[in-house]
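Please treat every number below as a calculation from the coordinates, not as lab data. Treat the numbers as computed from the prediction; the structure is a model and nothing was measured. A quick note on method: Cβ atoms are made from the backbone with ideal geometry, for glycine too, and the neighbour counts reach across all protein chains shown.
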Amino acid sequence: MPSRTIPLFPLHVVVFPGMPLPLHIFEERYKEMTGNAIRDNSEFGIVLANANGIVNAGCTVRVEKVLQMYADGRMDILTRGRRRFEIVTLNEEQAWLAAEVSYFDDDDLAAPPDELRLTALEHYKTLRAFASAAGQGEPDLAGPQLSFQLAQCLPDLEFQNTLLQLRSEAGRLKELNQYLAAYIPRQRVVERMRGLAPTNGSGAKPAGL
């Protein structure tokens, strides 16, 4: 697929194709960048920013709705993930970062085994019972990339970024199931400890509280 240059918005977040991402825009340069995207109905790229800089792959988003405009130009917007890309070269000629990117999608378009899907859905059902994943909705079972829907509630951005770059739904579901098989037992302990935190461990509040 041919490459093209797009604006980049480095954030401490990973967005997947088809997934919603609300944003609060407050920096002057990103007000302008977002305003251009709204005016032109164009996309900009979200890339994960971490301690080492930015990762070399991300996902474009398009503004679906302007939720609120403020007098000083700040805005609350709702965007949605569109296309995955790899960064070819960076461009810092404008106020915001831009990059020449190469778009990609899954190479393996075969439907994943039912066992992988069912296991992932069982894991997701368990996750939704945790307070940390409260508010997660029902996945669209007809969606071709179910893995992205199920992974969006995870707090591990590096793992999410790994999934974003995999080019097989079966491969993503396999990685997701392995991750969740280890994550869920740990999270059960975390949730239980949170429930006991205000008490002395026997279900009673500590003396003096």
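Computed about its Cα centre, the charge dipole of region 91-193 is approximately 760 debye, with only Lys, Arg, Asp and Glu carrying charge at their Cβ. The fraction of all Cα pairs in region 114-196 landing in successive 5 Å bins from 0 to the largest distance is 3, 14, 28, 26, 18, 8, 3, 1, 0, given as whole percents.
For region 3-104, the fraction of C-alpha pairs more than 23 angstrom apart is 19%.
Given the chain, what whole percent of its Cα pairs are spread farther than 31 Å?
Value for the chain: 31 percent of Cα pairs lie more than 31 Å apart.
Modelled spin-label separation between R39 and E86, with each label point placed 7 Å from Cα along the Cα-to-Cβ direction: 3.4 nm. Annotation for region 69-152: GluC sites (Glu not before Pro) lying in DSSP loop with at most 11 further Cβ atoms inside 10 Å of their Cβ are E92, E93.
Considering only L163, Y30, Y183, whose Cα is most displaced toward the positive end of the charge dipole of the chain, charges sitting on Cβ of Lys, Arg (+1) and Asp, Glu (-1)? About the Cα centre, the residue reaching furthest to the positive side is Y183.
Using the Cβ of R83 as centre and a radius below 10 Å, the other residues enclosed give a net charge of +1, where K and R count +1 and D and E count -1.
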